[in-house]
Amino acid sequence: RLFHGCLGVLGLAVLVLHTGMHLGIGLNRLLMLDYLGLGLAGGLMGLMIGLGGDRGPRQRAQRVIQRLHLGLFWLFPVLLLFHILAVYYY
């Protein structure tokens, strides 16, 4: 979990250095928003796990956030591939 969290924070730091936090347009904007959402969902999930207690409403919230995190992750490599191809194409 520690490695996963550190990898996420490092990825967000690289994102800031790479983009200057400009959202871009089109698919680049979607890629940026996807990665920011991925980081936010991951951070919320880590916070909820750190607080402990996985019963009742918190358990349901954790499941929703986990599914959001996984859903955003599956979209990320596709958007990243389009971003890389666009950079090399133009």
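The values are calculated or read from the model by the stated rules, or taken from the named source; none is laboratory data. Not measured: the values here are computed from a predicted model. Cβ sites come from the backbone with ideal geometry, for glycine too, and all protein chains shown count toward neighbours. Note: areas computed on protein heavy atoms with side chains; ligands, DNA, RNA excluded. Shrake-Rupley method; radii C 1.70, N 1.55, O 1.52, S 1.80 Å.
Odds and ends about this structure:
- Across region 1-49, the number of residues qualifying as among the small types (G, A, S), open to solvent by less than 40 Å² (accessible area, probe 1.4 Å), free of Cβ contacts under 8 Å to residues at least 24 places away in the same chain and part of a helix (DSSP H, G or I) comes to 0.
- Test: residue in region 51-71 that is open to solvent by 50 Å² or more (accessible area, probe 1.4 Å) and within 11 Å of the chain's Cα centre (by Cα): yes
- When region 78-90 is filtered for residues that are over 18 Å from L23 (Cβ atoms) and either open to solvent by less than 60 Å² (accessible area, probe 1.4 Å) or in contact with a strand residue (DSSP E or B) (Cβ under 8 Å, 6 or more places away or on another chain) (or both), nothing remains.
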